[in-house]
1. What area, in nm² and to one decimal, does the C-alpha convex hull of segment 169-308 cast on average over all directions?
2. Could you give each residue of segment 35-47 its phi-based ³J(HN,Hα) in whole Hz, using Karplus coefficients 6.51, -1.76, 1.60 with θ = phi - 60°, and x for Gly or Pro?
3. Exposure proxy check: Glu258, Glu22, Glu170 ranked by fewest other beta carbons within 10 Å?
4. In Å and on Cα atoms, what radius of gyration and Dmax does the chain show?
5. Choose one of Gly166, Ala19, Ser76: the residue whose Cα lies farthest towards the positive end of the charge dipole of the chain (beta-carbon charges +1 Lys, Arg; -1 Asp, Glu; about the Cα centre).
6. Among Met270, Met46, which comes first, second and so on when ranked by fewest other beta-carbon atoms within 10 Å?
7. I'd like the Karplus ³J(HN,Hα) series for segment 139-146: coefficients 6.51, -1.76, 1.60, θ = phi - 60°, whole numbers in Hz, and an x wherever there's a Gly or Pro.
8. So how tilted is helix 275-302 from the main axis of the chain? Cα-based, degrees 0 to 90, rounded to 10.
Amino acid sequence: MQTPPISQTPRLRDWLLSATPESRFQARAGRAYIGWTTFMENRLAMIGLIIILGLLLAAALAPLLAPFPPNAADLSARLAPPMTDGHLLGTDELGRDILSRILYGSRLTLYVVVLVAVIAAPAGLVIGTISGFAGGVIDMALMRITDIFLAFPKLILALAFVSALGPGIENAVIAIAVTAWPPYARIARAETITIRKTDFIQAARLQGAGPIRLIRGHVIPLCMSSLIVRVTLDMAGIILTAAGLGFLGLGAQPPLPEWGAMISSGRAYMLDQWWVAAMPGIAIFVVSLGFNLLGDGLRDVLDPKAER
């Protein structure tokens, strides 16, 4: 069998950008390629992606990257300035290495972010799609409940729930998740109201599809892009809320290296030993900025109304 010339062999890029894909996989791969190229054109979004990838690596490789155990106290080296005796970012009031605590604290940050996203986003998506698709009394009842949650600032409402549940990282996650779902429900409802009036939904109904099948098979997949963008943009707010609870002593409890709690313990040394509170504060700022930049880039890629 004769091998075709190299010039006649279709290139991968041409296969991905084909106007007439031969399979669903080829069509999906082509859309993913176009989205990735669009994302790469946004330099700020790439910076955000690099920051988040750095956070993931720091959390995964914390035992290898941390120069000292995160809770190892050394009173002889307490409040050492940065770049002293191997402590690149200095030590805190108990002589614990700040860099090591920040690296291990990234695990707690990801723990909170992932759990809140897993709990709040699906809950808001289900409530919003049911509300928008059903309409009538169901829509009114669900949206009034949503309005009640939206009437309170997230941090204040989270403080109320944590005060009732008790301090701790798990209770903080529950409190943040309970306050985070209403915006997702609003977005899902708005998308659902638009989708339910489309011709393909009416055609599916004529074919005998019930409400549950329509919501699960058609409405929810079409709402996912907007939800992903909103969740990514909300990650910064979730991190700040978790840090605020930790700062007030209602989040992760000592000796866990939670960034907000580290800032709280370092505020007494702000004037003379500024690095104790400044270093975890910089970590919160950088990670929050990374999620915001990443969310803006995803919005450009996933928003169907955006101009290309």
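What follows draws every value from the coordinates through simple rules; no lab data is involved. Predicted model only: the values in this text are computed from it and were never measured. Cβ sites come from the backbone with ideal geometry, for glycine too, and all protein chains shown count toward neighbours.
1. On the way: hull surface 44.4 nm².
Computing the convex hull of the Cα atoms and averaging its projections yields 11.1 nm².
2. x, 5, 5, 5, 5, 5, 6, 8, 5, 5, 5, 5, 4
3. Values: Glu258 29, Glu22 9, Glu170 13.
Fewest-to-most ranking of Glu258, Glu22, Glu170: Glu22, Glu170, Glu258.
4. 24.1, 79
5. Of Gly166, Ala19, Ser76, it is Ala19.
6. By the 10 Å Cβ count, ascending: Met270, Met46.
7. Per residue, the Karplus-derived 3J(HN,Hα) values read 4, 4, 5, 5, 6, 5, 4, 4 Hz.
8. 10 degrees
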